[in-house]
Amino acid sequence: MEISRIEKDLISEIKLVPLQAKVFLLITCHGKMTPTTIAEKLNISIEDALKTAKELMTLGAFIDISETEFEAMHPRFTAVNMYRKFCERENIEFKRNKIVDNIGVVLEKSYDDARTK
């Protein structure tokens, strides 16, 4: 899968910082995780993992299942949702963005596979 391209698109189109893009892709493609698991998989501190996951909740990418677990919503919905929130923050007219639409399309199979094990 073209994860590195999707990561670049998340950074360029939705203005995620690189760590937010990595955490978003990790949970979207592998399923719900705790900050400890995120930290281990990305080789970052638990504090950074928790802070980033909470930022992604604010940006419309994640839901918190419990105090200790984060889950991504369906990527087709999430990519557009994050883009809409970005447009609102930047006072840009929200309209269809094919690159953002493609993020959801590309991630959909990984998202579904991670949740039907």
Pair list, Cβ < 6 Å and 6+ apart or interchain, from the range 1-25 residues that are under 21 Å from Glu40 (Cβ atoms) and open to solvent by 20 Å² or more (accessible area, probe 1.4 Å) to residues that are assigned to a helix (DSSP H, G or I) and among the small types (Gly, Ala, Ser) | Glu7/Ala21
Based on what the data block shows, is Leu42 closer than 20 Å to Arg5 by Cα and modelled with pLDDT of 95 or more?
-> yes
Leading residue by the ranking (surrounded by the fewest Cβ atoms within 10 Å (Cβ to Cβ)) among those in the range 69-81 that are assigned to a helix (DSSP H, G or I) and of a type in the set (A, V, I, L, M, F, W, C) | Phe77
Reported set for the range 82-109 where residues are assigned to a helix (DSSP H, G or I), surrounded by fewer than 18 Cβ atoms within 10 Å (Cβ to Cβ) and not aliphatic (A, V, I, L, M) is Arg84, Lys85, Cys87, Glu88, Arg89, Glu90, Lys98, Asp101, Asn102, Glu108, Lys109
When the range 37-68 is examined, which residues are found to be open to solvent by less than 60 Å² (accessible area, probe 1.4 Å), in contact (Cβ under 8 Å) with a residue 24 or more places away in the chain and β-branched (Val, Ile, Thr)?
-> Ile38, Ile44, Thr52
For residues that are of a type outside the set (Ser, Thr, Tyr) and either open to solvent by 80 Å² or more (accessible area, probe 1.4 Å) or farther than 23 Å from Phe86 by Cβ (or both), scanning just the range 26-36, find the one that is farthest from the chain's Cα centre (by Cα).
-> Pro35
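The values are calculated or read from the model by the stated rules, or taken from the named source; none is laboratory data. Because the structure is predicted, anything quoted here is derived from the model rather than measured. Positions of Cβ are backbone-derived with ideal geometry, glycine not excepted, and every protein chain shown enters the neighbour counts. The protein model used for the area step is the full one, side chains on, heavy atoms only, and it has no ligands, DNA or RNA in it. Shrake-Rupley method; radii C 1.70, N 1.55, O 1.52, S 1.80 Å.
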